[in-house]
Structure formats: structure tokens, C-alpha cells
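Single-structure report; data block below.
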Amino acid sequence: MKVKSINIHQDLIDACKQNDSKAQLKIYNLYYKAMYNTSLRILNNRATAEDVMQEAFLDAFRKIDTYTGIASFGSWLKKIVINKSINEVRKYKETISLDEKEIDFPDVKEDHLAILSEKVETIKNAIFDLPEDCRIILSLYLLEGYDHEEISEILNISYNATRTRYSRAKSKLLEMIKKNQLNIISQN
């Protein structure tokens, strides 16, 4: 038996079900930045991510009656954004990047911040250079927090295929990072 999640914005969701445009705007303002960043990490194109995010909100408001409350509203909306983004990747074969991933390093000294920023940039570049299926799996698992079962549903592949692709993607990423580090050492 699945239990309904407690939704702190249930009053807004109920108003959206009544086509209340003010409630829709409030929901949009609560979730748009996170949904945009999710789409951007998958698409690597600001304009396309913006378009996909907007379309996802429109779809969500049109289909809000299908929201059952079993999952949080944010995760339900995020699934719509991810599905639309993946469909866009399939459609246009655009690449994935983490360029807009905001990283906050509180209480880190400036010299350490420079080293950390360089390492983050190395990882971003390595992920950017991965084949498309590897980037998608890594993004969904590591950045979006989906488990392999959810990823298998999203990508319409078997559970074992997601685990295998993730393992290969992780190995390729580590290999690329090590290679990049060797290149940096040999240049100095």
C-alpha cells in the first residue's frame, strides 16, 4: 500500500487543479530554478532548457489532476522535466554539461577554492566528453538522485542495463579524469 506524501504546498496544488493562475504562478516561482537547472544539466543548452522547463510546467498544469500525492509534487514535476529533457536529447542529440551546476564551498580558503574549482572543472569537462548515454546515466544517478529502478523506467531500459551503463560510465569518467591529471602533470 502506497502512502500519500505530505505536501506543504497542497493548498496551491488544489488551487492549480481549479485553474487558478495565481496559484500556478506561485508554484512556478517555487520550482522553476530547480527545474531549469535539472533540464540544463541534461541538455547543455540554456535556451532549450528554458523552453523544455516552460513546456514541462504547462504539461504539469494541464495534467495536474493526475498528480496522486504518492510522491512529492517536486519529484513529480522533476520527472516531467527529466522526461521532456531526455526526449529533447533524443530528438536533437545535444550534449550534456554541468556548466550551470552551482557549487558552494563555505569556509574554504581562497587557495583551496582555486584547487577545488580546478578539480570540479576537470570533472565537468570529463563528463562533457563522455558518450551521451553515459552522461545521461551519471546525471540522473549522481546529480538528480534517481535510483537505478527509477532510471530504468525513465529511459525505458532494464534495471540491469542501468546498473551496467552506470558502472561503465563511472569507469570511463575515472579513466578520463586520471588521464587528464597525467596530462596536467606532464605539462608542468
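Could you list, in sequence order, the residues of segment 61-72 that are touching a residue at least 24 places away in the same chain (Cβ under 8 Å) and part of a helix (DSSP H, G or I)?
Correct list: Phe61, Ile64, Asp65.
Can you confirm whether segment 68-77 contains a residue that is at pLDDT below 75, within 30 Å of Ala161 (Cβ to Cβ) and of a type outside the set (A, V, I, L, M)? First the steps, then the outcome.
Keep residues of segment 68-77 that are at pLDDT below 75, which gives none.
No: segment 68-77 contains no residue that is at pLDDT below 75, within 30 Å of Ala161 (Cβ to Cβ) and of a type outside the set (A, V, I, L, M).
Take residues that are at pLDDT below 80 and buried (at least 18 other Cβ atoms within 10 Å of the Cβ) and tell me which of the helices (runs of 4 or more DSSP H) falling wholly in segment 92-167 contain 2 or more.
110-129
The values are calculated or read from the model by the stated rules, or taken from the named source; none is laboratory data. Just so we're clear, the structure is a prediction, and the values are computed from it rather than from any experiment. Note that we place each Cβ from the backbone using ideal geometry, even for glycine, and neighbour counts take in every protein chain shown.
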